[in-house]
1. Going by C-beta contacts inside 10 Å, put Tyr49, Tyr145, Tyr94 in order with the fewest on the left.
2. Straight-line reach from Lys157: which lysines have a Cα under 22 Å away, not including same-chain ones fewer than 8 places off?
3. Counting only DSSP beta bridges with both residues in the chain, tell me the antiparallel percent, nearest 5.
4. Give me a comma-separated list of calculated 3J(HN,Hα) values for region 27-43, in order, Karplus coefficients 6.51, -1.76, 1.60 applied at θ = phi - 60°, integers in Hz, x for any Gly or Pro.
5. Charges only on Cβ, +1 for Lys and Arg, -1 for Asp and Glu: so what's the dipole of the chain about the Cα centre, in debye to the nearest 20?
6. Can you sort Cys16, Cys122 from fewest to most other Cβ atoms within 10 Å of each residue's own Cβ?
7. So what are the radius of gyration and Dmax for the Cα set of the chain, in Å?
8. Starting from the Cα of Lys39, step 7 Å along the direction of its Cβ; do the same at Glu159; then give the gap between the two resulting points in nm.
Amino acid sequence: MTMESNITRDENSLPCLTIPLADEQATVDLGNQMAAVIKTELNQGIVVYLNGDLGAGKTTLTRGFVQGMGHSGNVKSPTYTLVEPYELADWHVYHFDLYRLADPEELEFMGIREYFNEHCCCFIEWPEKGEGLLASADMMINIAYQGDGRIVELVAKSELGKQLLIALNKRG
Ligand SMILES: Nc1ncnc2c1ncn2[C@@H]1O[C@H](COP(=O)(O)OP(=O)(O)O)[C@@H](O)[C@H]1O
Ligand SMILES: [Mg+2]
C-alpha cells in the first residue's frame with residue numbers, strides 16, 4: 001500500500017480524496033489540518049472553491065481553516081459583505097461568500113484581483129457566481145449531506161492543490 005492509496009481520480013481524472021465527516025467537529029478539524037499543511041509544509045497561499053448546498057458546512061470548514069491559521073475570534077459568514085478579511089501576522093485569509101452577488105461587476109468594484117496573491121489564502125463559497133473574475137482554484141471542495149453527517153470530496157486543480165491533497169492524505 002502506498003501513501004497515495006486513498007487518492008483516486010475524479011470524472012475529469014483529477015486527483016481526488018473523499019473523506020466522511022461524521023459531525024461538525026470533523027469538518028472543523030479538516031479545516032485545521034489544511035491550515036497546518038499550508039503553514040508548515042507548503043508555505044504559500046491557496047485558492048479554494050467550496051461547493052455544496054446551504055447548510056452543507058462550507059462556512060464551518062472555513063472557520064476551521066481561519067482559526068487554524070491563527071485567528072482566535074469568531075468567524076462569521078460574509079453573506080451580506082461578500083468578503084470577510086482576516087489579516088493575521090504572516091498570512092492574509094479572505095473568506096468570500098458570493099451567494100448574494102447580484103452582478104459580477106460588484107467584484108470588479110471591490111478590487112477582486114487584489115485579493116489573489118501569493119501570500120493570501122482565499123476560500124470562496126458559491127464561486128460559480130463570480131465565474132470569470134476569480135483566480136482559478138488550486139483545490140475544489142464538494143461537501144454533501146450523508147446521513148446525519150457529511151461527505152467531502154477534495155479535488156486538486158493545480159500542482160499546489162495536489163501537494164495539499166497528498167499532505168492531507170498522509171496525515172490521515
Ligand atoms: N460533518 C458534519 N456533520 C453534521 N453537521 C455538520 C457537519 N459539518 C457542519 N455541520 C453543521 O451543518 C451546518 C453547516 O452550516 P454552514 O457551515 O454555515 O454551511 P454553509 O456555509 O455550507 O451554508 C452547521 O449547523 C454545522 O454545525
Ligand atoms: Mg456559508
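1. Tyr145, Tyr94, Tyr49
2. Counting by Cα, and skipping residues close in sequence, Lys157 has these lysines nearby: Lys39, Lys58, Lys129, Lys170.
3. Details: 22 of 37 bridges.
Here the antiparallel bridges make up roughly 60 percent for the chain.
4. Values, residue by residue: 5, 4, 4, 4, x, 4, 4, 4, 4, 4, 5, 4, 6, 9, 10, 7, 6 Hz.
5. Details: 13 positive and 25 negative charges, 94 e Å.
It comes to approximately 460 debye.
6. Details: Cys16 19, Cys122 24.
Fewest-to-most Cβ neighbours within 10 Å comes out as Cys16, Cys122.
7. For the chain, the Cα-based Rg and Dmax read 15.2, 51 Å.
8. In this crude spin-label approximation the distance works out to 2.7 nm.
Rule-based calculations on the coordinates, nothing more; no lab input. Every value quoted in this text rests on a predicted model; they were computed, and no experiment measured them. Cβ sites come from the backbone with ideal geometry, for glycine too, and all protein chains shown count toward neighbours.
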